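These notes concern the structure reproduced below.
The values are calculated or read from the model by the stated rules, or taken from the named source; none is laboratory data. This structure is a prediction, so every number in the text was calculated from the model and none was measured. No Cβ is skipped: glycine too gets one built from the backbone with ideal geometry, and neighbour counts run over all protein chains shown.
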């Protein structure tokens, strides 16, 4: 049985990290969670720019997960400009086992959600500068998650789609 790849993308404060952690818990043993921020900021300590080495490490970890795990959950801002080529390549490679979700949440709502985060090193000015509206990956079947869906509904929807 082939592993399932779930890619959760969106702006800072959109809910993708919290959702990814809950999804990993819900899917259980054999689920790897790959966080762009953890790889880039903590493991590699590189700036988020086109061509940084974190994109290659993401690719390597996705391929490892697809070979050794049941579920691979990748989460991060993962902009189309910086990571789109690699993500599209992974989606094409794992075609029928790939699920792409874009958290299309308005800026005001991401800002509201951001205030509940702990240990945050940035605020509204940075979030406004980073915000990308409708940064869709443009792959077939990309699912757009809006603010109307609760986190519980998102988890249940994804579980139903990948099982």
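Farther than 18 Å from residue 9 by Cβ, part of a helix (DSSP H, G or I) and without any contact (Cβ under 8 Å) to a residue 60 or more places away in the chain - does that describe any residue in the range 44-55?
To start, the set of residues in the range 44-55 that are farther than 18 Å from residue 9 by Cβ comprises 44-47, 51, 53.
Imposing the further condition that a residue be part of a helix (DSSP H, G or I) reduces the set to 44.
From what's left, without any contact (Cβ under 8 Å) to a residue 60 or more places away in the chain: 44.
Yes: one or more hits.
What do you reckon, is residue 20 assigned to a helix (DSSP H, G or I), out of contact with any strand residue (DSSP E or B) (no Cβ under 8 Å at 6 or more places or on another chain) and modelled with pLDDT of 95 or more? Spell out how you get there, then give the answer.
Numbers: assigned to a helix (DSSP H, G or I): yes; out of contact with any strand residue (DSSP E or B) (no Cβ under 8 Å at 6 or more places or on another chain): no; modelled with pLDDT of 95 or more: yes.
Considered against the rule, which asks whether it is assigned to a helix (DSSP H, G or I), out of contact with any strand residue (DSSP E or B) (no Cβ under 8 Å at 6 or more places or on another chain) and modelled with pLDDT of 95 or more, residue 20 comes out as no.
I'm told residue 111 meets every condition in (1) under 26 Å from residue 32 (Cβ atoms); (2) touching a helix residue (DSSP H, G or I) at 6+ places or on another chain (Cβ under 9 Å) except one. Can you identify the failing condition by its number?
(1)
Keeping to the range 10-48, report how many residues are within 18 Å of residue 132 (Cβ to Cβ) and in contact with a helix residue (DSSP H, G or I) (Cβ under 7 Å, 6 or more places away or on another chain).
So the count comes out to 9.
If I go through the range 33-63 residue by residue, how many of them are within 20 Å of residue 121 (Cα to Cα) and more than 13 Å from the chain's Cα centre (by Cα)?
Qualifying residue count for the region: 10.
Part of a helix (DSSP H, G or I), closer than 19 Å to residue 13 by Cβ and more than 15 Å from the chain's Cα centre (by Cα): which single residue out of 96, 125 fits that description?
Every option except 125 fails the conditions.
Identify all residues within the range 128-163 that are in contact with a strand residue (DSSP E or B) (Cβ under 9 Å, 6 or more places away or on another chain), outside any loop (DSSP other than H, G, I, E, B) and within 18 Å of residue 22 (Cβ to Cβ); write none if there are none.
Within the range 128-163, 143, 145, 154, 157, 158, 161, 162 meet the criteria.
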